[in-house]
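Pasting a structure here, questions to come.
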Amino acid sequence: MQLDDGVRESLLTRYDVSRETSAQLDTYAALLVEQQRILNLVGPATIPKLWHRHMLDSAQLLDHVPGTASDVLDLGSGAGFPALVMAILRPELRVTAVESRAKKCRFLEQVVNATGLGARVTVLNARVEALPSKPYSIISARALASLSQLLDWGLRFQSGRTLWLLPKGRSVEQEIAEAKRIFRFGYALKPSLTDAEARILLAWQVERRAKGKTE
């Protein structure tokens, strides 16, 4: 079953995808469509636009990943977006996909096995709060929580060189203002390829403010 084929071809061209890599993406898409009927992995209305709404929406984060990045921590991976798309398209990245729901972890493992990503992708069936602290090059999260909550969860996984890549919707400016009351951080907003009202938030050097301290 091939869905929104024009977007698929645009994605393959934009990211100079090899035949082997395109086969991995196709395997992923086919498994998602197959398992969606059983597991309800994504919003049903998004399935006909799978390549636009999920594949390209995830792949565009790679436009902002520096060449020095080596690993990604993806919080609340769900059906694997953006974690598995990033892993497929950037074979130099090691990706840790964190998901608290067991049924979705089983699906992630199925995709990892079917696409041969086992050496580079780790699926953790756990809550973020339960993970041991460890720095990552990239921290990502898609449609998981508010910016303040994401920074609170992810602060333990940051080093001085960590880049946060967070797709956000139309309320991003409000989320930034609220997060600034609790944290200091540098940031930039980039346009989304898939939604004119959405933005990709890049953040770095996140620090928790001392209580009572605001700018």
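The values are calculated or read from the model by the stated rules, or taken from the named source; none is laboratory data. Since the model is a prediction, treat every value here as computed from it, not as a measurement. So basically every Cβ, Gly included, is an ideal-geometry build from the backbone, and we count neighbours across all protein chains shown. When the accessible area is computed, the model is the full protein with side chains, heavy atoms only, and any ligands, DNA or RNA have been set aside. Shrake-Rupley method; radii C 1.70, N 1.55, O 1.52, S 1.80 Å.
Would you check if S140 is of a type outside the set (D, E) and either buried (at least 19 other Cβ atoms within 10 Å of the Cβ) or at pLDDT below 95 (or both)?
Working: of a type outside the set (D, E): yes; either buried (at least 19 other Cβ atoms within 10 Å of the Cβ) or at pLDDT below 95 (or both): yes.
Judged against the criteria, S140 is a match.
Specify the residue that is most open to solvent (accessible area, probe 1.4 Å); the eligible residues are those in the stretch 161-199 that are in a loop (DSSP other than H, G, I, E, B) and over 25 Å from R14 (Cα atoms).
Restricting attention to the stretch 161-199, the residues satisfying the condition of being in a loop (DSSP other than H, G, I, E, B) are 161-162, 169-171, 181-182, 192-198.
After this cut, where a residue has to be over 25 Å from R14 (Cα atoms) as well, the list is 161-162, 170-171, 181-182.
Values: R161: 219, T162: 2, R170: 187, S171: 49, R181: 158, I182: 72 Å².
Looking at residues that are in a loop (DSSP other than H, G, I, E, B) and over 25 Å from R14 (Cα atoms), I get R161.
Please count how many residues of the stretch 144-186 are more than 18 Å from the chain's Cα centre (by Cα) and of a type in the set (A, V, I, L, M).
4
When you check Q158 against the structure, is it of a type outside the set (F, W, Y), under 21 Å from P82 (Cα atoms) and open to solvent by less than 60 Å² (accessible area, probe 1.4 Å), yes or no?
On the way: of a type outside the set (F, W, Y): yes; under 21 Å from P82 (Cα atoms): yes; open to solvent by less than 60 Å² (accessible area, probe 1.4 Å): yes.
Answer is yes for this residue.
Looking at L131, is it buried (at least 21 other Cβ atoms within 10 Å of the Cβ), in contact with a strand residue (DSSP E or B) (Cβ under 8 Å, 6 or more places away or on another chain) and either of a type outside the set (A, V, I, L, M) or at negative phi (or both)? Let's see the steps before the verdict.
Values: buried (at least 21 other Cβ atoms within 10 Å of the Cβ): no; in contact with a strand residue (DSSP E or B) (Cβ under 8 Å, 6 or more places away or on another chain): yes; either of a type outside the set (A, V, I, L, M) or at negative phi (or both): yes.
Taking the combined requirement at face value, the residue does not satisfy it.
Let's see how each residue does on (1) closer than 17 Å to Q110 by Cβ; (2) among the β-branched types (V, I, T); (3) within 16 Å of the chain's Cα centre (by Cα):
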| site | (1), (2), (3) |
| --- | --- |
| I38 | yes, yes, no |
| T46 | no, yes, no |
| K49 | no, no, no |
| D57 | no, no, yes |
| L61 | no, no, yes |
| V85 | yes, yes, yes |
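May I ask you to list pairs of residues, at least six apart or on different chains, whose Cβ atoms are under 8 Å apart, with the first in the stretch 92-103 being closer than 12 Å to V128 by Cα and at pLDDT 95 or above and the second being charged (D, E, K, R) and in a strand (DSSP E or B)?
T96/D71; T96/D74; A97/D74; V98/D74
Working only within the stretch 143-155, note down all residues that are under 16 Å from L131 (Cα atoms) and either surrounded by fewer than 20 Cβ atoms within 10 Å (Cβ to Cβ) or β-branched (V, I, T) (or both). Break it down into steps so the answer makes sense when it comes.
Kept after step one, since they are under 16 Å from L131 (Cα atoms), are these residues of the stretch 143-155: 149-155.
Passing the criteria: Q149, D152, L155.
A further question follows. Which of the residues spanning the stretch 15-49 are assigned to a helix (DSSP H, G or I), touching a residue at least 40 places away in the same chain (Cβ under 8 Å), in contact with a helix residue (DSSP H, G or I) (Cβ under 8 Å, 6 or more places away or on another chain) and more than 14 Å from L84 (Cα to Cα)?
The first filter runs over the stretch 15-49 and keeps only residues assigned to a helix (DSSP H, G or I), leaving 19-39, 44-49.
The next check asks that each one be touching a residue at least 40 places away in the same chain (Cβ under 8 Å); those that pass are 21, 24-25, 27-28, 31-32, 35, 39, 47-49.
Then drop every residue that is not in contact with a helix residue (DSSP H, G or I) (Cβ under 8 Å, 6 or more places away or on another chain), which leaves 21, 24-25, 27-28, 31-32, 35, 39, 47, 49.
Of everything in the stretch 15-49, those that are assigned to a helix (DSSP H, G or I), touching a residue at least 40 places away in the same chain (Cβ under 8 Å), in contact with a helix residue (DSSP H, G or I) (Cβ under 8 Å, 6 or more places away or on another chain) and more than 14 Å from L84 (Cα to Cα) turn out to be Q35, L39, I47, K49.
Here is a further query. Here are some residues: A87, A79. Which one is over 24 Å from S146 (Cβ atoms) and open to solvent by less than 10 Å² (accessible area, probe 1.4 Å)?
Details: A79 fails: over 24 Å from S146 (Cβ atoms).
Only one candidate qualifies: A87.
So which residues in the stretch 134-158 are out of contact with any strand residue (DSSP E or B) (no Cβ under 7 Å at 6 or more places or on another chain), in a loop (DSSP other than H, G, I, E, B) and under 18 Å from A188 (Cα atoms), if there are any at all?
S146
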